[in-house]
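The values are calculated or read from the model by the stated rules, or taken from the named source; none is laboratory data. All figures in this text were calculated on a predicted structure; none of them were measured in a lab. Heads up, the Cβs are rebuilt from the backbone with ideal geometry, glycines too, and the neighbour counts pull from every protein chain shown. Please note that ligands, DNA and RNA were not included when accessible areas were found on the heavy atoms of the full protein model with its side chains. Shrake-Rupley method; radii C 1.70, N 1.55, O 1.52, S 1.80 Å.
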Amino acid sequence: MGINRKIQTLDEFTIQQMRDFPNATGELSGLLRDIGLAAKRVHVEVNKAGLVDILGDAGTMNVQGEEVKKLDVFANNQFMGVLQHGISCAGIGSEELDDIVVFDDEISAQSKYVCLFDPLDGSSNIDVNVSIGTIFSVFRRVSELGKVATKEDFLQQGINQVAAGYIIYGSSTMLVYATRRGVNGFTLDQSIGEFTLSHPDIKCPETGKIYSINHGNFFQCEEKVQKYVTACQNKTKATGGPYTQRYIGSMVADVHRNLIKGGIFMYPGTLEKPKGKLRLLYECNPFAFIVEVAGGKATNGKERILEIQPTEIHQRTPFFVGSKLMMEEFEKTN
Ligand code: AHM
């Protein structure tokens with residue numbers, strides 16, 4: 001029987017990438033494998049969300065003062081669990097946790113990496129069967145190996161990310177991750193329970209026709225954003241349009257679509273929330289890294305997301321991300 005050599009699993013792919021670096025220890029591959037395992041467990045629960053009692057609120061609020069859904073709690077526990085029990089991660093920061101958690105066992109203290117994640121982004125969409133996702137960001141520690149990780153390991157500029165990625169629980173479940181070398185997408189093949197390479201070397205189209213923003217906030221946004229959105233609405237064939245507005249309210253799905261098809265995603269500051277809604281460390285930084293590696297751009301409207309020096313784990317920022325030329329047109333708007 002012939003072997004289909006075209007199929008490459010996430011593990012095989014990361015190990016193959018590692019072979020190009022003779023000094024690599026395999027820790028990053030291990031970390032990605034751990035994340036893949038948690039993602040598969042979350043995938044199973046997301047898929048039966050309508051059948052069992054995991055819909056609805058868990059009855060608590062997260063540290064952002066938002067309702068925590070039961071699947072959020074489950075996903076958080078899964079990602080935290082695999083990272084704590086693996087050998088590659090010295091500590092985590094999560095949207096669902098008030099503060100960072102550093103692992104103080106001997107093996108974790110020797111681990112090179114820390115990981116920040118949003119275990120289930122777009123959770124308000126769970127009850128209505130809309131795509132949701134997990135987002136993660138990996139940094140090399142700046143603190144001394146052998147000791148427990150510190151806050152400084154987490155409060156690094158996004159430019160220092162070693163890897164970043166997301167899992168989208170959609171019509172199929174996909175894991176997409178970036179290192180400086182490229183962005184690759186893996187689709188979960190349920191027949192073998194493995195993420196397999198389906199979208200090698202993803203590039204974000206230079207331009208596109210999709211703009212994604214919550215229009216309900218239009219009159220709350222600064223003038224520059226209003227002008228750009230109006231310009232998007234006024235695009236004609238002659239000026240590269242017409243444009244299409246697409247906004248699911250699940251950032252993983254919105255940015256994933258724009259990454260593949262070309263487009264711009266915006267979550268600006270509003271009068272009520274001048275810093276916007278999205279979190280720098282585990283929502284914007286990872287997507288900024290992925291989209292930049294794929295050839296696009298990401299800013300807070302004034303500066304590059306990846307150059308912002310974070311001061312707190314849960315800080316928010318306005319976020320604009322997408323195809324290079326669309327981002328440049330937005331930047332030029334005044
Ligand atoms: P969540 O973690 O509570 O789901 O919030 C994050 C989500 C993003 O996925 C999405 O882009 C945004 O919130 C949508 O917010 P809004 O409903 O204000 O447009």
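Some points to look at:
- Against the list (1) crowded, with 18+ Cβ neighbours inside 10 Å; (2) within 16 Å of the ligand (Cβ to nearest atom); (3) without any contact (Cβ under 8 Å) to a residue 60 or more places away in the chain, the condition residue 185 fails is (2).
- Candidates 144, 96: the one that is assigned to a loop (DSSP other than H, G, I, E, B), within 16 Å of the ligand (Cβ to nearest atom) and not assigned by TED's automatic domain parsing to the domain that holds residue 280 is 96.
- Of the criteria (1) buried (at least 19 other Cβ atoms within 10 Å of the Cβ); (2) within 11 Å of the ligand (Cβ to nearest atom), which one residue 248 fails: (1)
- Residues of region 234-267 satisfying the condition of being farther than 23 Å from residue 167 by Cα and of a type outside the set (Gly, Ala, Ser): 234, 235, 236, 237, 239, 242, 243, 244, 245
Yes/no matrix, rows are residues, columns are (1) of a type in the set (Lys, Arg); (2) farther than 24 Å from residue 42 by Cα; (3) outside any strand (DSSP E or B); (4) more than 12 Å from the ligand (Cβ to nearest atom):
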| residue | (1), (2), (3), (4) |
| --- | --- |
| 83 | no, no, yes, yes |
| 91 | no, no, no, yes |
| 138 | no, no, no, yes |
| 149 | no, yes, yes, yes |
| 152 | no, yes, yes, yes |
| 156 | no, yes, yes, yes |
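- The listed residues are 193, 240, and the only one of them that is away from the ligand (no atom under 11 Å from the Cβ) and within 21 Å of residue 332 (Cα to Cα) turns out to be 240.
- Considering each residue of region 291-312 in turn, none proves to be touching a strand residue (DSSP E or B) at 6+ places or on another chain (Cβ under 6 Å), outside the structural domain of residue 134 (by TED's automatic domain parsing), surrounded by fewer than 24 Cβ atoms within 10 Å (Cβ to Cβ) and over 29 Å from residue 240 (Cα atoms).
- Residue within region 169-180 that is open to solvent by less than 30 Å² (accessible area, probe 1.4 Å) and in contact with an Asp or Glu (Cβ under 6 Å, 6 or more places away or on another chain) present: no
- Set 91, 133, 86: member being surrounded by 18 or more Cβ atoms within 10 Å (Cβ to Cβ) and in contact with a His (Cβ under 8 Å, 6 or more places away or on another chain): 133
- Hits in region 95-106 (condition: exposed (fewer than 13 other Cβ atoms within 10 Å of the Cβ) and hydrophobic (A, V, I, L, M, F, W, C)): none
- Within region 200-221, the residues that satisfy the criterion of being open to solvent by 80 Å² or more (accessible area, probe 1.4 Å) and either touching a residue at least 60 places away in the same chain (Cβ under 8 Å) or hydrophobic (A, V, I, L, M, F, W, C) (or both) are 203, 206, 219.
- Hey, residue 127 within 24 Å of residue 73 (Cα to Cα), touching a residue at least 60 places away in the same chain (Cβ under 8 Å) and open to solvent by 30 Å² or more (accessible area, probe 1.4 Å) or not: yes
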